[in-house]
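First the structure, in the form of structure tokens, and then the observations on it.
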Amino acid sequence: MTHPTNFTAFWKDLNLFTSKNILLVLTLQFLWFVPCRAVNVDSLRRLLPGAKGNERVILLNKLAGAFAEDSTGIATGYANEALNSARAAGFRKEEAYSLKLLADIAFNLNDFKTAIRFYTQSAEVEKHSRGTKTEEYVSRTGDVGYCYLMQNDYTHALEYFRQALDLATKGEIEEEIASNYSNIGTIYVEWGDFGEAIDNFRHAMEIDRRASRNDQISVDLNNIGKVYELWGKYELAIHYYQEALVIEQKAQNKARIAVRLNNLGTVCKAWKKYPEALDYLQQALEIETALGDTEKVGKRLAYIGSTYLAMGDYRKSYVFLNQALPILTKMDLHDELARLHNSFGKYFLAMRDYPMAIKHLNMSQVHAIAGNLKPLQISNYETLSAAWEKSNNYPEALSAYKLYMAIKDSVFTSQSDVKLAEFQAKFDNEKMSLENERLKNEARQKQNRNIIIGVLLISLVLILLALLFILRLRAKNSRQAQEMAEQSAVRYQMDIELKNKELTCKAMSIIRNNETLSEMIEGIETAIRKGESIEGYQNVLQTFRNVERDKSWGEFELRFTQVHKDFYDKLNETFPDLSPNEKKLCAFLRLNMTTKDIASITHQSVHSINVARTRLRKKINLANSDENLINFLINL
């Protein structure tokens, strides 16, 4: 069993070349090209009448394998005869192989329940004849899991993939380890748990790179690209998809080329680069039409329709979506029908036919919930909320929106973001390490050719080492300069914070002084009421108030300007019509001071400060805005 090449909205596109079908292709290649199972149908048929016992069983299985893909009826006849003969002869190895061939045939016919039954029987025969540590037993366990995966039964699929992974790890069967890590990652993507998915794909990538399995490296690159696409990191997604496409173009694998083109189309659509998206999708459609792959043609039509929908070209969108509907319905592709109904829902929402929009979105949601497709559930609930709101049914709109937020929050978690970043760093390091190792191996091979080339290579290596030393020295100096700059920045920030604290303390000191002065003034005013020469006292008091107020503000303004040098410049440049008192109010608000504290400093009432704030909002054009005045001044 090998791991699938794609997942979520598109991974079933690869059924022809993913896990099980790759297995069938490899089996046929094995039968045709490996000497011990070399297959020539005519020769095998001529040998069959004279063959007896175990030799006949082997020939029957070879013939079944040769016809497994194109002539399933003939293949089933040969496999059943081989199975009966093997059981009669006690030939357990070929009995297990016959059961495996019958399972492959059923799988190729999309009869997954029958395939599960035969794979399970094959595994049992392997277990009793050779134990559970053989590659065949591990592969059959994974095959059962993949059948469940094809039926969207992710819980059972995950159970069997984990069993297969545990067995493969104990047996150190690296290809099976990578396969099951990738399959497990696929399930977590379907469930919307991207953190777990990326962790499993990372393990698969490490193993496939060590073994230089280019076809599976393409699979891993594609899977990683899909995670980045779902995360909204479209530039990175395109990077990985294009790397996977290059591998398939070198291998001239048209079916996989079409799928890679499709994925590039979907990510361009998500990135709102619609012309590029349509170009990629049309290329994929042309290839799959030529290959006669009806299922994938239906999917491509749906994707093109949804792209036109996103562009606002509703006429073309409806044409393509209607072309896709009968194909996907006939193929009974529940996941793709879920996505198609989602597109129809968005189409009818744009046409303001809200009942039809709600109908299609509910149909999509039934399929999405059954398949546990969380990203699609998020889209459905979000669109349903909008449709209900347009229908003036606000309770239903609110309910749908709450479900949308709940699922969205469960999918896009900070932990997943951390795992994604960790994976990217590990992947880049691993890629660099493998590239360096490859270069070293090439250098050693060239050194063995002859003495002259060896001398030249040694000289080249010395030059490279000298360059490397220079580069490292420069990098070290650069790092030191950067560290010094960072330290200076830290010191500067600390100075700013210290001055801010000092400024705040000064403000609080002014408040306390003003309170003390207020008490003194009250005392003097009481004396005035009891004494004589009232006018003289009142003049002194007023002068005292003005002097103290100006002194307090002068000290405060000096320290404020030291800390926030550019504040007044920006304020005067942006709002030149502000009065001096309004600029003072801006300064106090810039320090996030309360209305009460400002009133105390300025010897005004709280009401007067509130009125001044209202006038200030009008002057700086915030009268009709919900933006916080203090935040506005802090960010000025």
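The values are calculated or read from the model by the stated rules, or taken from the named source; none is laboratory data. Note that the structure is a prediction, hence the values are computed from the model and not measured. We place every Cβ from the backbone using ideal geometry, glycine too, and count neighbours over all the protein chains shown. Ligands, DNA and RNA are excluded from the accessible area calculation, which covers all protein heavy atoms including side chains. Shrake-Rupley method; radii C 1.70, N 1.55, O 1.52, S 1.80 Å.
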**Message:** Please enumerate, by chain and number, the lysines with C-alpha under 28 Å from the C-alpha of Lys446, excluding those fewer than 8 residues away in the same chain.
**Reply:** Lys250, Lys431
**Message:** Let me check I've understood the local charge: for Ala357, count other residues with C-beta under 11 angstrom from its C-beta, Lys and Arg +1, Asp and Glu -1. What total comes out?
**Reply:** +3
**Asked** Does region 253-330 come out rounded, prolate or oblate by the C-alpha gyration tensor, with a ≥ b ≥ c the root eigenvalues, rounded set by a/c under 1.5 and, if not, prolate when a/b is larger than b/c and oblate if not?
**Response** oblate
**Message:** Return the Rg/Rh ratio of region 80-128 with Cα-based radii and a Kirkwood Rh.
**Reply:** 0.99
**Request:** If a/c stays under 1.5 just call it rounded; otherwise compare a/b with b/c (prolate if a/b is bigger, oblate if not). Do that for region 105-181, with a ≥ b ≥ c from the square roots of the Cα gyration tensor eigenvalues.
**Result:** oblate
**Item:** Cα gyration tensor, region 554-636 - rounded (a/c under 1.5), prolate or oblate
**Value:** oblate
**Request:** State, to one decimal in nm, how far the label point of Lys233 lies from the label point of Ile634, with both points 7 Å from Cα in the Cβ direction.
**Result:** 3.0
**Prompt:** Expressed as a whole percent, how much of the Cα-Cα distance distribution for region 201-357 exceeds 21 Å?
**Reply:** 49
**Item:** Simple spin-label estimate for Ser212 and Leu48 in nanometres, 7 Å along Cα-Cβ
**Value:** 4.1
**Asked** If the chain between Glu515 and Arg449 were fully stretched, how many nm would it gain, using 0.36 nm times the residue separation less the Cα-Cα distance?
**Response** 14.4 nm
**Fill in**
So the carbon and sulfur contribution to the accessible area of region 35-146, 1.4 Å probe, in percent, is 49
**Fill in**
Of 469-475, 627-633, 216-222, 280-286, ordering from highest average Cβ density within 10 Å down gives 216-222, 280-286, 627-633, 469-475
**Fill in**
With 0.36 nm assigned to each residue of separation and the Cα-Cα distance removed, Asp332 to Lys570 gains 79.2 nm
**Message:** Among Ala178, Tyr154, Leu230, whose Cα projects farthest towards the positive end of the dipole of region 149-298, with charges put on the beta-carbon of Lys, Arg (+1) and Asp, Glu (-1)?
**Reply:** Leu230
